[in-house]
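Notes to accompany the following structure.
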Amino acid sequence: METLYRTERDFLGEKKIEINKYYGIQTLRAKENFDITKTDISLFPTFIKSLAKVKKACALTNYELGDLSDQQRDAIIQACNEIIDGKFHDQFIVDPIQGGAGTSTNMNANEVIANRALEILGHPKSSYDIIHPNNHINMSQSTNDVYPT
């Protein structure tokens, strides 16, 4: 069977990502640049669940502040709940040892949640004008807020 891809773009250029993957271009770049231990954070399910809980709390707060629509909130919350329930952990592919004090892990979570939320809403992955990893999932946060929490 032929592998299908979607194309994501950032300021460095384009990358093809398998259509069935929930991570995006930032995660893929981090995997390429920081493949130090040859393992990934999917080996730490409690950590992944904790990240999803932080992202869920942020989505609820951002909704209360009027910065997310009902649809965005509901889709993000559902995506976070699915991760908390143990789904999509295989999509967390960044190395546990990385530059940037957790930025790669934070972006991996943002992209997985955004793409799953888009799918929940019936949109293709990478439709970031609807739900964006930074603008919606990481809204009002920094890695320094999320990672140590």
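Annotations
- The residue that is surrounded by the fewest Cβ atoms within 10 Å (Cβ to Cβ), counting only those in region 33-52 that are hydrophobic (A, V, I, L, M, F, W, C) and either under 13 Å from the mean Cα position of the chain (by Cα) or within 29 Å of I77 (Cα to Cα) (or both), is L43.
- The set of residues in region 53-65 being touching a residue at least 12 places away in the same chain (Cβ under 8 Å), under 20 Å from G102 (Cβ atoms) and either among the charged types (D, E, K, R) or surrounded by fewer than 20 Cβ atoms within 10 Å (Cβ to Cβ) (or both) consists of K53, V54, K55, K56.
- Helices (runs of 4 or more DSSP H) within region 56-149 that include 3 or more residues under 16 Å from P45 (Cα atoms) and in contact with a helix residue (DSSP H, G or I) (Cβ under 6 Å, 6 or more places away or on another chain): 70-84, 103-120
- Within region 1-31, the set of residues being loosely packed, with under 11 Cβ neighbours inside 10 Å and closer than 13 Å to N108 by Cβ is empty.
- Here I17 meets each of (1) of a type outside the set (S, T, N, Q); (2) out of contact with any Asp or Glu (no Cβ under 9 Å at 6 or more places or on another chain); (3) within 17 Å of R116 (Cα to Cα) with one exception, condition (2).
- Selection count where residues are of a type outside the set (G, A, S), over 14 Å from I120 (Cβ atoms) and without any contact (Cβ under 8 Å) to a residue 40 or more places away in the chain, scope region 66-84: 1
- Criterion violated by N106 - all others in (1) crowded, with 20+ Cβ neighbours inside 10 Å; (2) without any contact (Cβ under 8 Å) to a residue 12 or more places away in the chain; (3) not hydrophobic (A, V, I, L, M, F, W, C) satisfied: (2)
Bear in mind these aren't lab numbers, they're just calculated from the coordinates by the rules spelled out. Just so we're clear, the structure is a prediction, and the values are computed from it rather than from any experiment. Please note: Cβ atoms are built from the backbone with ideal geometry, for glycine as well, and neighbour counts cover all protein chains shown.
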